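As structure tokens, the structure follows; a few thoughts come after it.
The values are calculated or read from the model by the stated rules, or taken from the named source; none is laboratory data. Predicted model only: the values in this text are computed from it and were never measured. With ideal geometry, Cβ positions are generated from the backbone for all residues, glycine too; neighbour counts draw on all protein chains shown. Note: accessible area is taken over every heavy atom of the protein model, side chains too, but ligands, DNA and RNA are not part of it. Shrake-Rupley method; radii C 1.70, N 1.55, O 1.52, S 1.80 Å.
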Amino acid sequence: MIKAPPPVQRPSGRAVSVFGHERLPAPALPLLDDEDLRNALLPTRHDPDRLWSDLPALRLESAHCAAMHLVVNHREDPVGLLYDHLRTRMLQALQERGWTRIAVASPTRGCGASTVAANLALALARRPSGRTMLIDLDLRKPGLAAIFGHPDPGPLRDVLTGLQPIESHFCRVGRTLALGLNGRAEVNSAELLQEPATADALEAVMEDLSPDVTIYDLPPVLEADDALAFLPEIDGILLVADATRTSAAQIRECERLLQDHTQVLGVVLNRAEDSPARRRR
């Protein structure tokens, strides 16, 4: 009778590989919370230079810019000088206060706030060493995509809710202007702007791109509560009035609503050359 070989005696508490080599016990790893684990697994994102270069470039067409009153060749357009003056005065105010986040809004719709925001952003972006970010937060009726000639930027909601990264949605003009455009109107726009997740998403965008100045194009102050809902996220606001339709009472009402929540940097009087008082001269 053939006897079975005696069982192999292995030291208890130790693992042995199939090749007969002894394995050392796995070292104990420190416990990680969710934030530590996320930072360990994801690649570092705080590389503004790389992120700026990864943003798709948007080419501005001269004919379209002229039709949209977008000042690109500012040295050939006297209006460009006015925006350069506005840029310089605003930068001085921001530097004095250490501010970086500015909103542009009007009392009512149709005053040209989006056009002013776009041209002010272009003026800021003409500084070779500065980076500017312009975000369309007029979620009820977004207009910056049409002004810049972007055919379909998609819904900005996807970025504000964290569903899409900024690289998949934002674009840039040249090397110094990043655009957060919106191609879809939002029904519950004020509620979206008040969500903590929206503030977190915008903060993440600021950290990733590290712009020197960020401009938010907001909806009219007197027509909804969207602008008021977003005031905690800005340092100051620039009001845009229309000389042909905005009344002094409307400007005073805006200042009353804003005074306890943010600083009004000034009032830009748009279309002053078409005002009734000027036409009567």
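Residues that are open to solvent by 20 Å² or more (accessible area, probe 1.4 Å): find the strands (runs of 3 or more DSSP E) completely inside region 122-216 holding 2 or more of those.
Details: elements: 132-136, 171-173, 177-180.
Correct list: 171-173.
Can you tell me how many residues within region 63-80 are in a helix (DSSP H, G or I) and either hydrophobic (A, V, I, L, M, F, W, C) or open to solvent by less than 70 Å² (accessible area, probe 1.4 Å) (or both)? Spell out the reasoning first.
Pass one, region 63-80, residues in a helix (DSSP H, G or I): 63-67, 74-76, 78-80.
If we keep only those that are either hydrophobic (A, V, I, L, M, F, W, C) or open to solvent by less than 70 Å² (accessible area, probe 1.4 Å) (or both) as well, we get 63-67, 74, 79-80.
Counting residues in region 63-80 that are in a helix (DSSP H, G or I) and either hydrophobic (A, V, I, L, M, F, W, C) or open to solvent by less than 70 Å² (accessible area, probe 1.4 Å) (or both) gives 8.
Out of region 94-153, which residues are hydroxyl-bearing (Ser, Thr, Tyr) and closer than 11 Å to Pro219 by Cβ? Give the steps one after another, and end with the answer.
First pass over region 94-153, keeping only residues hydroxyl-bearing (Ser, Thr, Tyr): 100, 106, 108, 114-115, 129, 132.
Scanning region 94-153 gives Ser106, Thr108, Ser114.
Looking at (1) at pLDDT 90 or above; (2) in a loop (DSSP other than H, G, I, E, B); (3) surrounded by 10 or more Cβ atoms within 10 Å (Cβ to Cβ), which is the one condition that is false for Met90?
(2)
Restricting to region 217-233, name every residue that is touching a residue at least 40 places away in the same chain (Cβ under 8 Å), open to solvent by 20 Å² or more (accessible area, probe 1.4 Å) and either assigned to a loop (DSSP other than H, G, I, E, B) or hydrophobic (A, V, I, L, M, F, W, C) (or both).
Listed by number, the residues that qualify are Leu222, Glu223, Ala224.
Quick check on my filter: what residues within region 160-193 are of a type in the set (Val, Ile, Thr) and farther than 25 Å from Ala123 by Cβ? Quick ask: steps written out before the conclusion?
Narrowing region 160-193 to residues of a type in the set (Val, Ile, Thr): 161, 166, 173, 176, 187.
Correct list: Thr161, Val187.
Out of Arg126, Arg97, report the one residue that is basic (Lys, Arg) and farther than 22 Å from Glu255 by Cβ.
Working: Arg97 fails: farther than 22 Å from Glu255 by Cβ.
Arg126 is the lone residue from the list that is basic (Lys, Arg) and farther than 22 Å from Glu255 by Cβ.
Give the residues of region 185-201 that are over 17 Å from the mean Cα position of the chain (by Cα) and of a type in the set (Val, Ile, Thr), sorted by residue number.
Selection gives Val187 alone.
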